[in-house]
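Here the structure is laid out as structure tokens; the discussion comes afterwards.
None of the figures in this text is laboratory data; all of them are computed from the coordinates on show. Since the structure is predicted, the reported quantities are computational estimates derived from the model, not experimental observations. When we count neighbours, we look across all protein chains shown, and the Cβ atoms used for this are built from the backbone with ideal geometry, even at glycine.
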Amino acid sequence: MARIQLFSDTPPAPEYDHPRPDRIVSGQPKRTTWNHFTNNSGEVYMGIWSSEVGAWRIEMGATEDEYFFVTAGRGRIIAEDGETREFTVGDAVVIPAGFKGVFEVLDDLTKHYVISERKA
């Protein structure tokens with residue numbers, strides 16, 4: 001049976017990682033993910049993510065969009081064409097499918113995220 005879920009109900013165990021060495025632009029930030037929800041078909045993921053200061057190259061999949069809401073810190077996304085967008089607490093951001101660029105954490109950052117992967 002489907003049920004309403006609060007992120008505070010039963011926090012999942014955190015998962016830790018670092019950007020892949022071939023993608024690092026600056027720093028060696030530790031990133032922490034608490035994935036609270038994955039739908040049955042594996043097309044939607046929701047949770048909380050945080051990162052230490054640093055920068056790395058990102059590439060969204062051709063069918064993968066991400067929405068996030070910043071709850072702490074400050075960051076910047078720089079597109080391949082040089083367009084730069086900064087965000088901070090209270091900002092809602094969308095990274096569209098196919099996006100390529102650099103994700104930079106300027107002050108330790110925490111965000112609530114929703115990632116949607118459309119089936120091809």
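Values for this structure:
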item	result
Extreme residue, positive dipole direction of the chain, given options Val94, Phe7, Gly61 (C-beta unit charges)	Phe7
Fully extended contour minus Cα-Cα distance, from Ser26 to Ala13, at 0.36 nm per residue	1.9 nm
The chain, relative contact order [Cα under 8 Å, separation at least 6], %	28
Anchor Lys100: aspartates and glutamates whose Cα lies under 17 Å away (excluding residues fewer than 8 positions away in-chain)	Asp22, Glu59, Glu64, Asp65, Glu66, Glu80, Asp81, Glu83, Glu86, Glu117
Radius of gyration and Dmax over the Cα atoms of the stretch 15-117, both given in Å	13.0, 38
